[in-house]
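What follows is calculated from the coordinates using simple rules that are stated; it is not laboratory data. On a predicted model such as this, the values are computed, not experimentally measured, just so you know. For neighbour counting, all protein chains shown are included, and Cβ atoms are generated from backbone atoms with ideal geometry for every residue, glycine included.
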Amino acid sequence: MPTRYTPADFEQRIYAEWERSGLMTPPAQDSGRPTFTVMMPPPNVTGVLHMGHALNNTMQDLVIRYKRMSGFDALWVPGTDHAGIATQAVVEKKLLTEGGPNRKEMGREAFVEEIWKWRQHHGDVILKQLKRLGASCDWSRTKFTLDADMAHAVRVAFVRLWKQEKIYRGARLVNWDCKLQTAVSDDEIEYVTQKSTLWTLRYPVKDSTEFLSVATTRPETMLGDTGVAVHPEDKRYGHFVGQSILLPLTNREIPIIADTSVDPEFGTGAVKVTPGHDPADYERGARHHLAIINILHTDGTMNGECGRFEGLPREQARKQILAAFEELGLLVGAEEITNNVSISDRSKTAIEPLVSEQWFVKMKDLAQPAIGAVKDGSLKFKPERWTKVYLDWLENVHDWCISRQLWWGHRIPVWYDEDHVPVASVEDLAIGSPHPQTGKPIVRQDEDVLDTWGSSWLWPFATLGWPEHSADMARFYPTQFLSTARDIIYLWVARMVMAGYALLEDLPAAQRNPFATCYIHATVLDGHGRRMSKSAGNGIDPVEMIEKYGADAVRYSLMILTREGQDVKLAENRFELGQRFCNKIWNVARFVLQNLQGPSDPVGAAQAPAADALEDQWILSRLAAVTEAVSTALDQYDFHDAAQALYRFTWDDFCDWYVEAAKRRLWAGENAAEGSVEAVSAAAARATLGHTLTTLLKLLHPFTPFLSEALWAEVPQPLRGGVDMLMGASWPTVDVASRNLEVEENFAQLQDAVRAFRNVRALLETPATEKPAATVLCGDAPTSVNFAAQQSLVAFLARLESVEVRSDGIKPAAHGTDVFRGGSVFLPFALDTDPAKLRSSLEKKLQKVEGGIRAIDGKLGNAKFVANADPEVVQSERERRVLLETELATLLANLEGLTV
RNA sequence: GGGCCGUUAACUCAGUGGCUAGAGUGCCACCUUCACACGGUGGAAGUCACAGGUUCAAGUCCUGUACGGCCCA
């Protein structure tokens, strides 16, 4: 084995072995094992892996691997989303750069064909990248939201909701994306604060010489004004209410109305009302029965309602209208303000609210059971605070605009007869066939497609075969764990819960909720705390990082850096943490594997550890503790805590202390006679090393699957217990009998003394090669028993010739000294040693101990503390004071001894 | 306007109301000792953002302020 772990030599080969093993594909038939299901949030089919995906999928893989090893039939279903707008835009752009016919020239059928072709060649890149990450999904169950069975599920869902009259068509004010020329839902727009000009326009009052001034940031929409509103209690304008305005440039007569929604403080206190192009005005217009005038073509240019401005883009229309008002003397003000404009998430262009015929889903009723799911505990968010975000949205939910004027997606399964009477159908209705209700011939299918969430909200069960009564559906639904990003709590998470309750009528209510836990993962920021994004160019490419540091290093680093959904600032060099850890694991395994075979036990340390030696008992106790800690943390999805516990155990306990301690007996046993004390002791050390390593590899496997699997292959067969592939090994059970707090306490005391020796060595500048004879002075009987039994271990770890254990209180002269809990250590001076460094070291420690005693005295001297605090706390303070007092006395005595 | 998150060592972050506030990186010194220099040993480094409050006891709980970030309207 080389001295460094080189991930590239193993990863792809090991992944192929996992795929061949079939372990990622749990059976649809009952195996007697419990199931555990995770649905991967389907990334866009156009997508490439970014850090958010890497983080999210690492967590899912961790859970799946842990559950698989724990005896579950663990199913992780991967897949991709057709992502209507995003994908159509990618292919349109491709057509544009190729200079061939564009979408409209090609026609619907040919264009959709083109997208399928694109998908064939360029789609699903992200799924291949997930394999690089080590994702152990069941690829045999991979789904795409446009697969035929998914399409069937979408239609069944649509028709069912149609029959329940939860789907309706109507002309409503929708968010219009002028670039993509489609409606988008409320949840697909974002607000950007910007500086704008607020212009004041004068509108002449009809049959009067008076004017009413209105303020607006969008003067061009005046062409669609059908009213002017003032607050009913606004004294300035009261007498105008009921009169009308002669709208300049159009000479249309529009009423002046009173409405409490008008803020008298804003602008002039009078507002123009444009019901066709503003959500607030739409409401006002509805209240006062104002006309709705649409002034825009679908591409955002002015339409035939605009007279001489027809055909102009909005910005130009604005300029010309302002110029016209100026000319008429009707432009009376312009001031700079900051306001919010709505931007389309997809095209990043300004949203134009306009009235349009669209399909909607009534959400109020659907939301109720989804609200109930968190109230009755069926659904839990982690971190819990997202529950509120989820509930706030559901409790104020608006109807969902589900139609999109696109070609790529699930076409709305609605057909019309010649009288435009619609009917929804699971099966295609042929043109000319009779309308099921009216009997008149069908003339056309609806042109629109469904919002992309109209298929992904069925993801947790449509992937399992719903609406068929499939074996998968019976075994693997509901799922246990969903991990996703916070920005799709409304778009996706809430809708999946609604869909589960609304559509799975066959299941008892308690089994409809699609996932028990919804984990909202951290947002990955760059090193400066900015969101990683393609446009900002500040993203770190996970695949590049995998190639540079290894998949396990990427996985492990991400896990230990993100604590329960807390955002993480990630600079590239953070992955060195995982890389170092992986290399450490590699090397400790290398050491163990090279030392498993002794002269008298050639099969290696396959027998159970005898655990006679203190250090053996100690590491087995620590191993039991870390097994419990990791299992508990993973049960609660506390990935950071599990990663942290593994780091501490591996590096501190196993590498720094146990392996170093075991070397003593391994070396001593090298040339010992068979059956001798030394040989038996070495064999015991080997057994303990072997057992600890194999257990550790299992615990590490969910975090560092490639490395642990690569090392598992090097473990001698008898130690592997017949398990060829670590991925399929059983998760370690907590060895309760090995947990021994007394042993841990005794070993901790030895560690403390060894550190004290090392400290004095450093202060005395004792060369590493020099092995002085040293002394431990024990302050009490248990300490002296402990050290008497372990003097050779302490000597070995502190690189000493010998350790004399004394408890007579007599300090050796001309020795450097330090204290540990329970006594002090002494190392002989070299002749030319200056004790000043030792003195200042001891004095520093003295100050700390004195400070500690003062703090405790402060507490114990406080009658209220003694009276009110938990008696256990008071008791432990008293005990601590005794310890510190002893330490203080030792320090003072040792300081005094230095001058002799 | 409403809500949420954060502010702890130079950096990135942990931290059940109760030991003298920790880790990794970086820094300083020493060490190529037969797993690992992607290593070992030792060390320096903190007014826990600020102001009040609750409590015997606050980094931790409450109120407010400032700053940074996110979401909703």
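What the table below lists for this structure:
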{"quantity": "Cross-link pairs A:K195/A:K319; A:K348/A:K388; A:K663/A:K848; A:K548/A:K569; A:K93/A:K319; A:K104/A:K179 - those with Cα-Cα distance over 25 Å", "calculated": "A:K348/A:K388; A:K663/A:K848; A:K93/A:K319"}
{"quantity": "Sequence-distant residues sharing a close amide H with A:C178 (under 5 Å, placed H)", "calculated": "A:E352"}
{"quantity": "³J(HN,Hα), Karplus 6.51/-1.76/1.60, whole Hz, each residue of segment A:560-565, x for Gly, Pro", "calculated": "7, 8, 10, 9, 5, x"}
{"quantity": "Positive-end residue of A:I126, A:P478, A:S344, charge dipole of chain A with Cβ unit charges", "calculated": "A:I126"}
{"quantity": "Full-stretch length increase - A:L577, A:Y168 - with 0.36 nm per residue and alpha-carbon distance subtracted", "calculated": "141.7 nm"}
{"quantity": "Degrees separating the helix A:386-395 axis from the principal Cα axis of chain A, which is the longest one", "calculated": "20 degrees"}
{"quantity": "Degrees, to the nearest 10: A:614-635 long Cα axis against longest axis of chain A", "calculated": "10 degrees"}
{"quantity": "Chain A: antiparallel DSSP beta bridges as a percent of all, rounded to 5", "calculated": "70 percent"}
{"quantity": "Förster radius 35 Å - calculated FRET efficiency between A:N587 and A:Q636 (Cβ-Cβ, nearest 0.05)", "calculated": "0.65"}
{"quantity": "Sequence ranges A:550-562, A:432-444, A:255-267, ranked by mean other-Cβ count within 10 angstrom, highest first", "calculated": "A:550-562, A:255-267, A:432-444"}
{"quantity": "FRET efficiency, A:E745 to A:Q29 (Cβ-Cβ, R0 60 Å, nearest 0.05)", "calculated": "0.70"}
{"quantity": "Distance (nanometres) between label positions extended 7 Å along Cα→Cβ at A:E17 and A:A869", "calculated": "5.6 nm"}
{"quantity": "Cα-centred dipole magnitude for segment A:393-461, charges only on beta-carbon of K, R (+1) and D, E (-1), debye, nearest 20", "calculated": "140 debye"}
{"quantity": "A:T35 long-range amide H proximity, modeled H, under 5 Å", "calculated": "A:D73"}
{"quantity": "Helix-only [θ]222 nm of chain A, DSSP H runs n ≥ 4, -39500 (n - 2.57) each, per residue, nearest 500", "calculated": "-13000 deg cm²/dmol"}
{"quantity": "Total charge dipole magnitude, chain A, about the Cα centre, Cβ charges on Lys, Arg, Asp, Glu only, Debye to nearest 20", "calculated": "600 debye"}
{"quantity": "Cα convex hull of segment A:735-801, projected area averaged across orientations, nm²", "calculated": "5.3 nm²"}
{"quantity": "Amide H contacts of A:F144 (H built 1.01 Å from N, under 5 Å, at least 5 apart or other chain)", "calculated": "A:T80"}
{"quantity": "Using alpha-carbon coordinates, inclination of helix A:741-764 to the longest axis of chain A, degrees", "calculated": "80 degrees"}
{"quantity": "Highest-first arrangement of A:376-388, A:795-807, where packing means the average Cβ count within 10 Å", "calculated": "A:795-807, A:376-388"}
{"quantity": "From phi via Karplus (6.51, -1.76, 1.60), per-residue ³J(HN,Hα) for segment A:892-898 in Hz, x at Gly/Pro", "calculated": "4, 4, 5, 5, 4, x, 5"}
{"quantity": "Student exercise, segment A:316-472 dipole from Lys, Arg, Asp, Glu Cβ charges, in Debye to nearest 20", "calculated": "540 debye"}
{"quantity": "For segment A:1-139, with +1 on Lys and Arg beta carbons and -1 on Asp and Glu, the positive-most of A:S136, A:M106, A:G84 along the dipole", "calculated": "A:S136"}
{"quantity": "Beta bridges by DSSP in segment A:760-899, antiparallel share as percent, to the nearest 5", "calculated": "65 percent"}
{"quantity": "Descending Cα extents along the principal axes, segment A:188-351, whole Å", "calculated": "46, 32, 31"}
{"quantity": "Within straight-line cross-link reach of A:K163, lysines at Cα separation under 30 Å, skipping those fewer than 8 residues along the same chain", "calculated": "A:K143, A:K362, A:K364, A:K375, A:K440"}
{"quantity": "Given charges at Cβ of Lys, Arg, Asp, Glu: chain A dipole, positive-most of A:V397, A:Q597, A:F158", "calculated": "A:Q597"}
{"quantity": "Rounded to whole Hz, the Karplus (6.51, -1.76, 1.60) HN-Hα couplings of segment A:728-735, x for glycine and proline", "calculated": "x, 6, 7, 5, x, 8, 6, 7"}
